[in-house]
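For reference, the structure is listed below as structure tokens.
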């Protein structure tokens with residue numbers, strides 16, 4: 001689990017889970033809402049309703065992504081297993097055709113196999129696409145012949161079953177891969193919004209309830225508050241705020257203790273740093 005610093009004062013700083021730490025973000029959101037519900041209405045967060053909505057969005061997106069991935073993985077494994085079986089069946093078919101048409105190997109082309117002109121050898125298909133083509137042609141040829149004239153091996157009924165399962169599992173695998181990509185985009189966006197909102201909610205509490213100070217009391221809402229220890233080259237404490245995000249609500253902190261802000265939150269959030277703020 002990785003975290004980055006969000007808000008800091010002279011002694012403490014808040015760290016939030018990264019956007020990719022889905023379970024930790026959902027747990028923090030649950031802790032926040034649980035404690036917020038115990039407060040008098042006038043002290044409850046202005047972000048509560050939005051956090052509840054985001055929490056309801058994040059979990060389904062999280063579950064749907066992993067469900068799609070699990071189904072895709074199962075279908076993909078089935079495709080590999082069935083393709084290996086097809087290879088074995090086609091090797092048997094190639095052997096039978098070599099034995100039957102050792103004088104006239106080109107006749108094997110009626111069963112879908114190609115022959116090498118220079119040697120007369122019957123060639124086994126090398127790719128999955130080629131194997132499916134040969135399999136379809138082989139099945140069609142065998143079905144067109146009287147039952148008594150068909151090859152005993154490989155079993156025609158099993159070939160048809162394997163072919164149909166291979167087609168279906170290939171379709172499922174591709175469909176779930178598309179679903180996985182789509183659900184991943186929705187999941188990542190919902191968790192980005194959840195983290196941003198939790199960050200804003202923390203700043204709101206710091207300003208309105210704790211007079212711009214980061215204190216251990218913020219742990220009641222589920223936030224992780226740690227002691228600051230890093231020093232700058234000048235001996236002053238460094239303030240690192242939201243290293244990963246580059247949105248219009250980010251903060252730029254100067255080494256002299258003064259804070260600049262990007263965007264519309266300069267008036268509300270820059271006093272957290274107990275420095276002189278000026279808008280950029």
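Read the figures in this text as sums done on the coordinates, not as results from a lab. Only a predicted model underlies this, so the values are computations on that prediction, with no experimental measurement involved. Counting neighbours? That spans all protein chains shown, and the Cβs are built from the backbone with ideal geometry, glycine included.
The single residue among 174, 199, 180 that is in a helix (DSSP H, G or I) and either surrounded by fewer than 14 Cβ atoms within 10 Å (Cβ to Cβ) or touching a helix residue (DSSP H, G or I) at 6+ places or on another chain (Cβ under 7 Å) (or both) turns out to be 180.
All of (1) loosely packed, with under 15 Cβ neighbours inside 10 Å; (2) without any contact (Cβ under 8 Å) to a residue 60 or more places away in the chain; (3) assigned to a helix (DSSP H, G or I) hold for residue 119 with one exception: (3).
Being over 30 Å from residue 206 (Cα atoms) and either surrounded by 15 or more Cβ atoms within 10 Å (Cβ to Cβ) or touching a strand residue (DSSP E or B) at 6+ places or on another chain (Cβ under 8 Å) (or both) is a property that residue 15 lacks.
The set of residues in segment 22-58 that are surrounded by 15 or more Cβ atoms within 10 Å (Cβ to Cβ) and within 20 Å of the chain's Cα centre (by Cα) comprises 22, 24, 25, 26, 54, 55, 57, 58. Within segment 202-232, the residues that satisfy the criterion of being part of a loop (DSSP other than H, G, I, E, B) and free of Cβ contacts under 8 Å to residues at least 60 places away in the same chain are 210, 211, 229, 230, 232.
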